[in-house]
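First comes the structure, then the notes that go with it.
The values are calculated or read from the model by the stated rules, or taken from the named source; none is laboratory data. All figures in this text were calculated on a predicted structure; none of them were measured in a lab. Don't worry about glycine lacking a Cβ; one is built from the backbone with ideal geometry, like all the others, and counts go over all protein chains shown.
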Amino acid sequence: MTQLDPTQRFTDRVDAYAAGRPTYPDAIAHMLATELSLPSHATVADLGYGTGLSCLPFLSAGFRVIGVEPNDAMRTAGEKFLAAQGEFRSVAGKAEATTLDDASVDLVIAAQAAHWFDLPAAHAEALRILRRPPWAALIWNDRLSTGSKFAEDYEAFIRGYGVDYLKIRHRQGPEATVAPFFGGAFRETTFTNVTRLDFPTLIARVNSASYMPQPDSPAYEPMLGELRRLFDAAEQDGKVAMDYVTRVFFGALAS
């Protein structure tokens, strides 16, 4: 993995990513269908779809979904995960060069991915592949770091063991990404997204973060010991609650 190429950032964390990352509320697809008056069998291009979690709400709503993913390992995992999930196909492409035809999709989305894009190039490519109006939505799952003892302790744990966590967290926030991508007005809606994790899933969620130590690191075993302590202190019925707010920014791209 090279830190200089964001498309390869998660190559060695694919299994953990697929097992541990939070899903997205089904209500997102229904909200966008209503607010944007999308056709019932709209075609959605999911840019940087990873292992496929962000595709699920749109496939469940009956949309056709084209997953665009530059990372071979992630794309293979996504194809396997979504093989029986409706009208889905994937392509080896990236946000800046999707390989899709002109005016071939009704909605472009990116979930937990747009902060890695070359935004002017991705904007231009989205305009090229979109029918009119050129609808788009950018989606982030933002983990709450306050509101419960576990949330606060977990944030302290991530800060303690994460390498460049604060720098990466700042980059991954939507504030610097949304306006340049849309190039004009957009709207925002939020959804509550509570996930409940047993200990193996909590480990996978930690391992899926590119800034956390990997198993070959001397910090890995101490990290797992501290994670176990946090889990045991907070678990109820064998699981802990990790709360997110899912933020959805949507509208028409400016020409």
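Just a few scattered comments:
- The set of residues in the range 112-123 that are under 26 Å from Ala27 (Cβ atoms) and in a helix (DSSP H, G or I) comprises Ala114, His115, Trp116, Ala122.
- Scanning the range 235-255 for residues that are surrounded by fewer than 17 Cβ atoms within 10 Å (Cβ to Cβ) and either touching a strand residue (DSSP E or B) at 6+ places or on another chain (Cβ under 7 Å) or at pLDDT below 95 (or both) yields Lys239, Ala241, Val245, Ser255.
- Leading residue by the ranking (surrounded by the most Cβ atoms within 10 Å (Cβ to Cβ)) among those in the range 163-177 that are in contact with a strand residue (DSSP E or B) (Cβ under 8 Å, 6 or more places away or on another chain) and at pLDDT 70 or above: Thr177
- Of the numbered criteria (1) in contact with a Leu (Cβ under 6 Å, 6 or more places away or on another chain); (2) assigned to a loop (DSSP other than H, G, I, E, B); (3) closer than 13 Å to Ile109 by Cα, the one Gly50 fails is (1).
- Test: residue in the range 66-73 that is touching a Leu at 6+ places or on another chain (Cβ under 9 Å), touching a residue at least 12 places away in the same chain (Cβ under 8 Å), more than 14 Å from Ala137 (Cβ to Cβ) and surrounded by fewer than 20 Cβ atoms within 10 Å (Cβ to Cβ): no
- Here is the figure for the range 128-149: residues that are surrounded by fewer than 18 Cβ atoms within 10 Å (Cβ to Cβ) and either free of Cβ contacts under 8 Å to residues at least 60 places away in the same chain or over 19 Å from the mean Cα position of the chain (by Cα) (or both) total 9.
- Qualifying residue in the range 82-100 (condition: in a helix (DSSP H, G or I), farther than 28 Å from Glu175 by Cβ and either of a type in the set (Phe, Trp, Tyr) or modelled with pLDDT of 95 or more (or both)): no
- Residue within the range 29-37 that is buried (at least 21 other Cβ atoms within 10 Å of the Cβ), in a helix (DSSP H, G or I) and not charged (D, E, K, R) present: yes
- Looking at Pro200, Pro180, Pro215, just one residue is over 21 Å from the mean Cα position of the chain (by Cα), surrounded by fewer than 16 Cβ atoms within 10 Å (Cβ to Cβ) and not in a strand (DSSP E or B), and that residue is Pro215.
- Note on the range 124-150: residues that are among the aromatic types (Phe, Trp, Tyr), assigned to a strand (DSSP E or B) and under 30 Å from Arg205 (Cβ atoms) total 1.
- Per-region count, the range 218-255, residues in a strand (DSSP E or B), within 30 Å of Ala179 (Cα to Cα) and not acidic (Asp, Glu): 10
- Single condition Trp116 does not satisfy, out of (1) modelled with pLDDT of 95 or more; (2) touching a helix residue (DSSP H, G or I) at 6+ places or on another chain (Cβ under 6 Å); (3) farther than 27 Å from Thr34 by Cβ: (1)
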